[in-house]
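Contents: one structure, followed by commentary.
The values are calculated or read from the model by the stated rules, or taken from the named source; none is laboratory data. This is a predicted model, so every value here is computed, not measured. Positions of Cβ are generated from backbone atoms using ideal geometry, with glycine treated the same way; all protein chains shown enter the neighbour counts.
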Amino acid sequence: MIFAIDFDGTIVENKFPAIGKLNPDAERFIRELRKRGDQWILYTMREGTWLDVALDFLAIHDLLPDAVNDNLPSICEFYHNNPRKIFANVYIDDHNAGGLRFAAPVALQHKNK
C-alpha cells in the first residue's frame, strides 16, 4: 500500500510556517504502516526552506517518507513516466471530506477473478 500524507494539520498541528506539535495518532499510524512494509509519500504544500525544516523534523522523529511530493520510483516505472498527479492507494489530509481520522492501517484486499 502507498499512503500520501499531508504535513501541516495532519502529521503535526498546523502552525505554518513553524512546526506544530507532532500528532501522536499520525506518528503511530506511520510507524505501523512502515512496520507492515507499506510506503508513504509526504504530500505537502511546503517547498524550499520550509520543506527542509519539515524533513528535518521528520528525520529527528525517525519518520522519513519514501518520497516527497513525488511518485515512488516503482510507480514511474509502471506508468513509464512521472505524471504530476501523485499516485497513492490512500490520501490522508486534514482537508479530507469528512475530516481527519487515523485508523489502524488495514490492507486493501484485491481479488482477481
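Quick notes on this structure:
- Listed by first and then second residue, the pairs with beta-carbon distance under 9 Å, at least 6 apart or on different chains, first residue in segment 82-94 and over 9 Å from ASP70 (Cα atoms), second surrounded by 15 or more Cβ atoms within 10 Å (Cβ to Cβ) and of a type in the set (D, E, K, R), are ASN89/ASP38; TYR91/ASP6; ILE92/ASP6; ASP93/ASP6; ASP94/ASP6; ASP94/ASP8.
- Whether a residue is within 26 Å of ASN14 (Cα to Cα), modelled with pLDDT under 95 and not in a helix (DSSP H, G or I) was assessed, and ARG101 passes this test.
- Scanning segment 1-47 for residues that are of a type in the set (Val, Ile, Thr), outside any loop (DSSP other than H, G, I, E, B) and over 11 Å from the mean Cα position of the chain (by Cα) yields one hit, VAL12.
- Residue that is modelled with the lowest pLDDT [pool: residues in segment 48-96 that are assigned to a helix (DSSP H, G or I) and of a type in the set (D, E, K, R)]: GLU77
Each row is one residue, and each column tells you yes or no for (1) over 16 Å from ASP93 (Cα atoms); (2) surrounded by fewer than 20 Cβ atoms within 10 Å (Cβ to Cβ).
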position: ILE5; (1), (2): no, no
position: GLY20; (1), (2): no, yes
position: PRO24; (1), (2): no, yes
position: GLU27; (1), (2): no, yes
position: GLY37; (1), (2): yes, yes
position: TRP40; (1), (2): no, no
position: MET45; (1), (2): no, yes
position: LEU51; (1), (2): yes, yes
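- Long-range neighbours under 7 Å by Cβ, at least six apart or interchain, first residue over 10 Å from LEU64 (Cα atoms) within segment 24-43, second surrounded by 19 or more Cβ atoms within 10 Å (Cβ to Cβ) and small (Gly, Ala, Ser): TYR43/ALA4
- Consider segment 61-76 and keep the residues that are more than 11 Å from the chain's Cα centre (by Cα) and closer than 22 Å to PHE102 by Cα. The one that is surrounded by the fewest Cβ atoms within 10 Å (Cβ to Cβ) is ASP62.
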